[in-house]
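A short write-up of the structure that comes next.
The values are calculated or read from the model by the stated rules, or taken from the named source; none is laboratory data. In this text, all values refer to a predicted model and were calculated from it rather than measured experimentally. When we count neighbours, we look across all protein chains shown, and the Cβ atoms used for this are built from the backbone with ideal geometry, even at glycine.
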Amino acid sequence: MSTLFAEINRFRSLLGNLYDSGEANSITNLVFEELFHIPQIRLKLTGELEIKPEEKLRLDSILERLLGHEPVQYVLGFAWFMDERFLVNESTLIPRPETEELVSWIIDEWKSRPEATILDLGTGSGCIGISLVKRLPDARLLAIDKSEAAIHTARINAQQLLKDPHHTLFLVQDMLDPEWWEQQVLFDLIVSNPPYVREQEKGEMAVQVLDYEPPLALFVPDTDPLLYYGAIAELAKSHLTKNGQLFFEINAAFGADMQEMLASLGYKSEVRRDMQGKDRMVKAWLHRSES
């Protein structure tokens, strides 16, 4: 009968053929913490624990999926974001640390105005909108996504993570539909992490992203990389309150282009870099002349 320590070493060794040692260790720790409910710091102390046959079968199944490049978040069914556990699956993108930086920026800007009305475009798992509502307790959220499966996932996350999910509404809707926008009211805050990876950048992406994460949420044509941003900024002009703001996560290659595009539509903007030093976030607001 195998031991916990032997299984941990097996995972680390085999995953080390696909990932660098740091990532292989992180994936391994996440799996064993989840399955055996043992914090990472105690895994070594319980290494001689014998693995039951049914536990071994489950570990074998998980390892097979991981060795097929499936992201560990999809294998386990959740991802951590802003210290919360979000349900994720192949209908939703896996939340990234850069998106946490975007959410933190928004919270810093709006914590003195916690009653904000928020529109989250392309919500996916709901991680952005739900995280904002948790930290802005009087906020109201409308979140939309083109994917019915993603909206179903986001609704579950809201029910599980929010004390009062009644201040949230999740709808299946195309964010670029002008007729839908015409029916909407004013929002204090419009946020989006839309598709922004150019088709030509596919060759730079990891296999697990290309093979498993939803392409609908990832890619834009090479010929129109700001497709979603330009459309959202134009549609949002008549749907922002007087002091309303747009926040976007962006492709690092297009910080300057974003500011130029937003200025052409009457916005002022600020670009911020992420922890890797790359242009990753934009805040925009309408430049209204004083009458």
Filtering the stretch 52-75 for residues that are surrounded by fewer than 17 Cβ atoms within 10 Å (Cβ to Cβ) and either assigned to a helix (DSSP H, G or I) or not charged (D, E, K, R) (or both) leaves a count of 13
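Is it the case that the stretch 200-212 has a residue that's more than 26 Å from I27 (Cβ to Cβ) and either modelled with pLDDT under 95 or in a helix (DSSP H, G or I) (or both)?
First, the residues of the stretch 200-212 that are more than 26 Å from I27 (Cβ to Cβ): 200.
Still in the list and also either modelled with pLDDT under 95 or in a helix (DSSP H, G or I) (or both): 200.
Checking the stretch 200-212: at least one residue is more than 26 Å from I27 (Cβ to Cβ) and either modelled with pLDDT under 95 or in a helix (DSSP H, G or I) (or both).
Consider L226 carefully, then state whether it is in contact (Cβ under 8 Å) with a residue 12 or more places away in the chain and either outside the structural domain of V282 (by TED's automatic domain parsing) or out of contact with any Lys or Arg (no Cβ under 9 Å at 6 or more places or on another chain) (or both). Please lay out each step first, then the result.
Details: in contact (Cβ under 8 Å) with a residue 12 or more places away in the chain: yes; either outside the structural domain of V282 (by TED's automatic domain parsing) or out of contact with any Lys or Arg (no Cβ under 9 Å at 6 or more places or on another chain) (or both): yes.
It is true that L226 is in contact (Cβ under 8 Å) with a residue 12 or more places away in the chain and either outside the structural domain of V282 (by TED's automatic domain parsing) or out of contact with any Lys or Arg (no Cβ under 9 Å at 6 or more places or on another chain) (or both).
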Scanning the stretch 155-194 for residues that are in contact with a Phe, Trp or Tyr (Cβ under 9 Å, 6 or more places away or on another chain) and either among the hydroxyl-bearing types (S, T, Y) or closer than 20 Å to R113 by Cβ (or both) gives D188, L189, I190, V191, S192
Condition (residue is at pLDDT below 95 and of a type in the set (D, E)) applied to the stretch 166-181: is it met by at least one residue?
no
L176 meets each of (1) assigned to a helix (DSSP H, G or I); (2) of a type in the set (A, V, I, L, M, F, W, C); (3) free of Cβ contacts under 8 Å to residues at least 60 places away in the same chain with one exception, condition (1)
Flagged pairs (Cβ under 8 angstrom, 6 or more apart or on separate chains; first in the stretch 62-89, touching a residue at least 40 places away in the same chain (Cβ under 8 Å) and over 21 Å from V207 (Cβ atoms); second assigned to a helix (DSSP H, G or I) and of a type in the set (D, E)) are F81/E100; M82/E100
